[in-house]
Amino acid sequence: DIKAYEVGFKTEWLDRALLLNGALFRYDYKNLQVSRIVLAGTSPVSLITNAASSTIKGADLEIGIRPTRNFRVNIAYGYLDAKYNAYAFNATTDFSGTRMVRAPEHSVNVRAEWEVDLGADTHLVLRSDYALMGQFFHEPGQGELRFGPGTPLTREPSYGLLDLRATLSHGAWQLTAYASNVGDVSYRRTINALGNTVVGFAGAPRIYGAKIGYSF
């Protein structure tokens, strides 16, 4: 059960060379299901647990700048205040008042794209994407030791990922070179905390390559 409230705006200025969008929102959840893997004796067990009451409050802001016809930059910022208001996991563990999992307080995304007309039906598009994620928690308990010896290890520090792409097109042909996670940043996609043991699943390392395509 969810009650959602949102107010926002979308605007364009200077003959669409500048755009400004924003939103404020609030989501009130009742009986939110939270998936966890816990130890039952010595064996891991997957559980769906119930957070009786949770609230997400936040804001989004997007700025788009197009100084020339062929070049544009978009910047998006997100703020989240996401908490479990009432989440008693069992008789001895109560996550009420702690931050929700995988909900960074701050996030930023930046995209820049430049298109060059080389003539003779040939175009070059250069694009970069940068995503910055504030710290967050993979498991309930917001990294506090009082919820178990492995809980502090569920904190994911802030990290940023840079992706680059160049696409050369000529008629129906396209040649694309790309590189993702250019800085080879180490981060975890997800983890499982089992008592004082944490099993982490690493995010993708630096990957680069090229591909060729033809449009029929």
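What residue, among those in segment 72-120 that are of a type in the set (Lys, Arg), in contact with a Lys or Arg (Cβ under 9 Å, 6 or more places away or on another chain) and open to solvent by 70 Å² or more (accessible area, probe 1.4 Å), is farthest from PHE136 (Cα to Cα)?
Here the answer is ARG72.
For a quick check of your reading of the model, give me the residue pairs whose first member lies in segment 192-216 and is more than 30 Å from PRO140 (Cα to Cα), whose second is among the polar types (S, T, N, Q) and outside any strand (DSSP E or B), with beta-carbon atoms closer than 7 Å and at least 6 apart or on different chains.
Going by the 7 Å Cβ cut-off, the qualifying pairs are ILE207/ASN181.
Got at least one residue in segment 85-105 being in contact (Cβ under 8 Å) with a residue 60 or more places away in the chain and under 30 Å from ASP163 (Cβ atoms)?
Within segment 85-105, one or more residues are in contact (Cβ under 8 Å) with a residue 60 or more places away in the chain and under 30 Å from ASP163 (Cβ atoms).
Hey, can you tell me all the residues within segment 149-161 that are open to solvent by 20 Å² or more (accessible area, probe 1.4 Å) and assigned to a loop (DSSP other than H, G, I, E, B)?
Within segment 149-161, PRO149, PRO157, SER158 meet the criteria.
Within segment 165-177, is there a residue that is over 23 Å from GLU105 (Cβ atoms) and charged (D, E, K, R)?
Scanning segment 165-177, I find at least one residue that is over 23 Å from GLU105 (Cβ atoms) and charged (D, E, K, R), so the answer is yes.
If you go through segment 121-140, how many residues are assigned to a loop (DSSP other than H, G, I, E, B) and buried (at least 16 other Cβ atoms within 10 Å of the Cβ)?
Residues that pass the stated criteria total 4.
Restricting attention to segment 164-205, report how many residues are open to solvent by 40 Å² or more (accessible area, probe 1.4 Å), under 23 Å from TRP114 (Cα atoms) and not in a strand (DSSP E or B).
Residues flagged as open to solvent by 40 Å² or more (accessible area, probe 1.4 Å), under 23 Å from TRP114 (Cα atoms) and not in a strand (DSSP E or B) within segment 164-205 amount to 3.
Going through segment 170-191 one residue at a time, which ones are closer than 19 Å to GLY143 by Cα and of a type in the set (Val, Ile, Thr)?
THR190, ILE191
The values are calculated or read from the model by the stated rules, or taken from the named source; none is laboratory data. Note that the structure is predicted; figures quoted are calculated from it, not measured. Counting neighbours? That spans all protein chains shown, and the Cβs are built from the backbone with ideal geometry, glycine included. To get the accessible areas, we keep the full protein, side chains included, count just its heavy atoms, and leave off ligands, DNA and RNA. Shrake-Rupley method; radii C 1.70, N 1.55, O 1.52, S 1.80 Å.
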